[in-house]
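First comes the structure, then the notes that go with it.
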Amino acid sequence: MPNTKRQMKLGVSMIGLGYHVAAWRHPDVPADGSPNIRHSVEVAQTAERGKLDMVFLADAVGIREYDEPPGALCRFSNSSRFEPITLLAALSMATQHIGLVATLSTTYAEPFHVARQFASLDHLSGGRAGWNVVTSVTPMEAQNFNYETTPDYDKRYGRAAEFVDVVRGLWDCWSDKAIIADLKTGRFFDESEVKPLNHEGPRFSVKGPINMGRCPQGQPVVLQAGGSERGQNLAARTADVVFSVVQDFEEARAAYSGLKERVRRFGRDPDSVTVLPGVMPIIGKTDAEARDVLNTLQGYVDSTEGLAMLSARLGTDISKYPLDGPIPDLPLPNTSHGFARALLAKGKRDNLSLRDLYNLTAAARGHWVLCGSVQTIADTLEKWFLEGAADGFNVMPAWFPGAFDEFVDGVVPELQRRGLYRKAYTGTTLRDHLGLSRPAIGDPMGVVQQSKAAAS
């Protein structure tokens, strides 16, 4: 039996009706599932039944799918979805243990707003909040915020580096001893235990303090998924959890090792950062049955939406190239380096055509598809976990609720039987689930100085 001292971590990406691009067409998917609070509550409660660490809401500040070729955009069900903080606040009332993680962009928000929103969510949930840091990549999002197109790469990541430090500084403005509610003196808080941030940086001037007492977790968990050079540096310096985009075991192991080494170079303990590759498990009674399930799902995909998804991931209109020809030499886009790098490498490695690649992308939006029986799925996850490719996985069910039920009721018990996964929650906060300590209050001026160095 494996050494049970190190336990696998599991989250679920609860995007809309499922992660397969045509999930909404599956006959078992509720037609009114997105947006529908009952649907979201069911997913979160299923995750909690499986003792998962967190539910994760990926998000964009606008409809970001491309209408290339024309007619593709109207086929994407996740164009209609809840704002994530609002939804997670509601889910905090319907769950007790599961971590609640949402994406919020550093490009089109302000640090004070983000600090206050996630601090509020942490209080509402009793210490279960997590912030997924993104820089936003599409011109469709930019055009909702007075930009014609996405700000350039260096500008986005320079802003993000300082942004994260300001948010963390604001979370530290109140000490745990600040609120005293002294009825005799009439002092609600001890003013010596509440400090302004007084941040003055190249991109932000933020006085503080935040108008919210210290979080139950000290600070909400910070997550990141950058695949570019500066994105990986941001993750290595600031993140507690890193989502990764991979298609191959050796590729994943190299990326895992590389990220852990970056963490070490920033003076942090590599074991304090959890790396979770995204995976879509397609489960059948047998491997052959699982492949049949995937083929059925792929039959729902229209070529226009497949091409649009691949165009989005590669940052260029793919419909102008011969679909059955070789994959052209394309530069990494000014969008998501991680997706583009993984997909182009997979295409070259396996000698795929563009048609093959768009079918692969449609299956899991560019993430890894793992197809097989419960035994096969568990064997593969175990291999990746024990042989240095992952600390766990961000599970991306093809459709809700059925595909997620199959994972929770089939794969999770098998991982538990092997001693790889918990059978019960042993703590109450997301930090507890992830094995993270509650951070002490840092020196806000130290944060500011670190921010200036990171942004330069």
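The values are calculated or read from the model by the stated rules, or taken from the named source; none is laboratory data. Model, not experiment: these values are computed from the prediction. Neighbour counts are summed over all protein chains in view; Cβ atoms, including those assigned to glycine, are modelled from backbone coordinates with ideal geometry. Note: areas computed on protein heavy atoms with side chains; ligands, DNA, RNA excluded. Shrake-Rupley method; radii C 1.70, N 1.55, O 1.52, S 1.80 Å.
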Taking Cα atoms, how many degrees apart are the long axis of helix 287-298 and the longest axis of the chain, rounded to 10 and kept between 0 and 90? 80
Please report the spacing between the Cα centers of segment 186-240 and segment 255-325 in Å, no decimals. 31
Applying 1/(1 + (r/R0)^6) with R0 = 35 Å to the Cβ-Cβ distance of Arg203 and Glu261, what FRET efficiency is obtained, to the nearest 0.05? 0.75
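Quick one: of Lys5/Lys285; Lys5/Lys346; Lys320/Lys348; Lys177/Lys423; Lys155/Lys383; Lys177/Lys207, which pairs are farther than 29 Å apart, Cα to Cα?
In this structure, Lys5/Lys285; Lys5/Lys346; Lys177/Lys423; Lys155/Lys383 lie more than 29 Å apart at Cα.
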Three-way shape label, the chain, alpha-carbon gyration tensor, a/c 1.5: prolate
Where a ≥ b ≥ c are the square roots of the eigenvalues of the C-alpha gyration tensor, would you call segment 133-231 rounded, which needs a/c under 1.5, or, failing that, prolate if a/b is larger than b/c, or oblate? prolate
Between Asp240 and residues 5 or more places away or on another chain, which pairs have amide H atoms under 5 Å apart, with H built 1.01 Å from N, and which residues are they? Val222, Leu223
Roughly how many Å² is the accessible area per residue of the chain, as a whole number, for a 1.4 Å probe? 40
Amide H contacts under 5 Å for Phe400, restricted to residues at least 5 apart in sequence or on another chain and with H modeled in the peptide plane, are Gly18
With x for Gly and Pro, the residue-by-residue ³J(HN,Hα) of segment 202-216, computed from phi through the Karplus equation 6.51 cos²θ - 1.76 cosθ + 1.60 at θ = phi - 60° and given in whole Hz, is x, 10, 9, 10, 9, 6, x, x, 5, 8, 6, x, 4, 5, x
Calculate for the chain the 222 nm mean residue ellipticity that helices alone would give, adding -39,500 (n - 2.57) per DSSP H run of length 4 or more and normalising by residue count, nearest 500 deg cm²/dmol. -11500 deg cm²/dmol
Leaving out ligands, DNA and RNA, and with a 1.4 Å probe, what % of the accessible surface on the chain is carbon or sulfur? 52
Skipping prolines and chain starts, which residues have an amide H placed within reach, meaning under 5 Å, of the one on Cys371, given they are 5 or more residues away or on another chain? Ile282
Estimated vicinal HN-Hα couplings, Hz - segment 17-28 in sequence order (Karplus 6.51, -1.76, 1.60; Gly, Pro = x): 9, x, 7, 5, 4, 10, 4, 4, 8, 5, x, 8
Cβ crowding within 10 Å averaged over residues, with 150-163, 32-45 ranked highest first: 150-163, 32-45
Have a look at Thr428, Tyr300, Gly62 and report the one farthest towards the positive end of the charge dipole of the chain, computed about the Cα centre with Cβ charges (Lys/Arg +1, Asp/Glu -1). Thr428
Between helix 354-364 and the chain: long-axis angle, C-alpha atoms, 0 to 90°, nearest 10: 50
Between Glu83 and Phe189, how high is the FRET efficiency from 1/(1 + (r/R0)^6) when r is the Cβ-Cβ distance and R₀ = 30 Å? Nearest 0.05. 0.45
Across 5 Å bins from 0, what is the distribution of all Cα-Cα pair distances for segment 180-289, in whole percents? 2, 9, 13, 13, 12, 12, 10, 9, 7, 5, 3, 2, 1, 0, 0
Mind pulling the angle between the C-alpha long axis of helix 111-125 and the longest principal axis of the chain? Nearest 10 degrees, somewhere in 0 to 90. 90
Given a Förster distance of 22 Å, report the FRET efficiency between Lys320 and Ser353 from their Cβ-Cβ distance, rounded to the nearest 0.05. 0.90
